[in-house]
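The values are calculated or read from the model by the stated rules, or taken from the named source; none is laboratory data. Only a predicted model underlies this, so the values are computations on that prediction, with no experimental measurement involved. All Cβ positions, glycine included, derive from the backbone under ideal geometry; neighbour counts span all protein chains shown. Heavy atoms of the whole protein, side chains included, go into the accessibility calculation; ligands, DNA and RNA do not. Shrake-Rupley method; radii C 1.70, N 1.55, O 1.52, S 1.80 Å.
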Amino acid sequence: MSYSINESIRYFDDFLIYFAVALLLFVVFTVIYMKVTPYDEINLIREGNTAAAISLSGAMLGFALPLASSVANAVNLVDLVLFAVLATVVQLIVFVFARMLMPGLSGAIEKGNIAEAIFLAATSISVGVLNAAALVY
């Protein structure tokens, strides 16, 4: 079998398109998530609030996992966007569910409660893994 550099770069444009769209979807998710939460993660993180960093990081990872699965399995960009929207909704539901389980969650994160932030992050990531697995078709 002969090797050609053209074979390696043949799909580079597809990579760039899917990567750019996925990155844009990731940023959009992060902005939406930060708007939905009742506290300002960025300011809290800048002030050194580890709990805010942990909880936001968990949500980002919980979204990135199904997004990566969508990129790997999407038939086209419409598929990618639809599954990213679904993953966004799932992560927002996780946040609401976590707040129902722990009514003082938002205040606890603002106060720097790392235990509750880890719970929220772990829940977000765990559901993200399940969501990613469900997207493999």
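If you check Ser57 against the conditions, is it assigned to a helix (DSSP H, G or I) and either within 11 Å of Ile125 (Cα to Cα) or charged (D, E, K, R) (or both)? Considered against the rule, which asks whether it is assigned to a helix (DSSP H, G or I) and either within 11 Å of Ile125 (Cα to Cα) or charged (D, E, K, R) (or both), Ser57 comes out as yes.
Working carefully through the options Val81, Val90, Val94, Val71, find the one that is within 18 Å of Tyr39 (Cα to Cα), assigned to a helix (DSSP H, G or I), open to solvent by less than 80 Å² (accessible area, probe 1.4 Å) and in contact (Cβ under 8 Å) with a residue 12 or more places away in the chain.
Values: Val81 fails: within 18 Å of Tyr39 (Cα to Cα); Val90 fails: within 18 Å of Tyr39 (Cα to Cα); Val71 fails: within 18 Å of Tyr39 (Cα to Cα).
Just one listed residue meets the conditions, Val94.
With respect to Gly104, determine if the residue is without any contact (Cβ under 8 Å) to a residue 40 or more places away in the chain and out of contact with any Phe, Trp or Tyr (no Cβ under 6 Å at 6 or more places or on another chain). So Gly104 fits the description; yes.
Please verify whether segment 105-126 includes one or more residues that are among the polar types (S, T, N, Q) and farther than 27 Å from Leu24 by Cβ. Yes, that holds for at least one residue. As a summary of the residue check, Leu61 satisfies the conditions (1) hydrophobic (A, V, I, L, M, F, W, C); (2) under 19 Å from Val96 (Cβ atoms); (3) surrounded by 14 or more Cβ atoms within 10 Å (Cβ to Cβ); (4) out of contact with any Gly (no Cβ under 8 Å at 6 or more places or on another chain) except for the one numbered (4).
Could you run through segment 1-30 and say how many residues are of a type in the set (A, V, I, L, M), closer than 16 Å to Val81 by Cα and open to solvent by less than 100 Å² (accessible area, probe 1.4 Å)?
Initial filter on segment 1-30 (of a type in the set (A, V, I, L, M)): 1, 5, 9, 16-17, 20-25, 27-28.
Imposing the further condition that a residue be closer than 16 Å to Val81 by Cα reduces the set to 16-17, 20-25, 27-28.
Adding the requirement that they be open to solvent by less than 100 Å² (accessible area, probe 1.4 Å) leaves 16-17, 20-23, 25, 27-28.
Counting residues in segment 1-30 that are of a type in the set (A, V, I, L, M), closer than 16 Å to Val81 by Cα and open to solvent by less than 100 Å² (accessible area, probe 1.4 Å) gives 9.
Contact annotation: residue pairs with Cβ atoms under 8 Å, 6 or more positions apart or on different chains, pairing a residue in segment 8-21 that is closer than 13 Å to Leu77 by Cα with a partner that is of a type in the set (A, V, I, L, M) and in a helix (DSSP H, G or I), are Ile17/Leu77; Tyr18/Val71; Tyr18/Leu77; Tyr18/Leu80; Phe19/Val71; Val21/Leu77; Val21/Leu80; Val21/Val81. Of the numbered criteria (1) at pLDDT below 95; (2) surrounded by 14 or more Cβ atoms within 10 Å (Cβ to Cβ); (3) not in a helix (DSSP H, G or I), the one Gly112 fails is (1).
The set of residues from segment 40-58 being surrounded by fewer than 17 Cβ atoms within 10 Å (Cβ to Cβ) and among the hydroxyl-bearing types (Ser, Thr, Tyr) comprises Thr50, Ser57. Cβ-Cβ distances below 6 Å connect the following pairs, each with a first residue in segment 42-63 that is at negative phi, a second residue that is among the charged types (D, E, K, R), and a separation of six or more residues or different chains: Ala52/Glu41; Leu56/Glu41.
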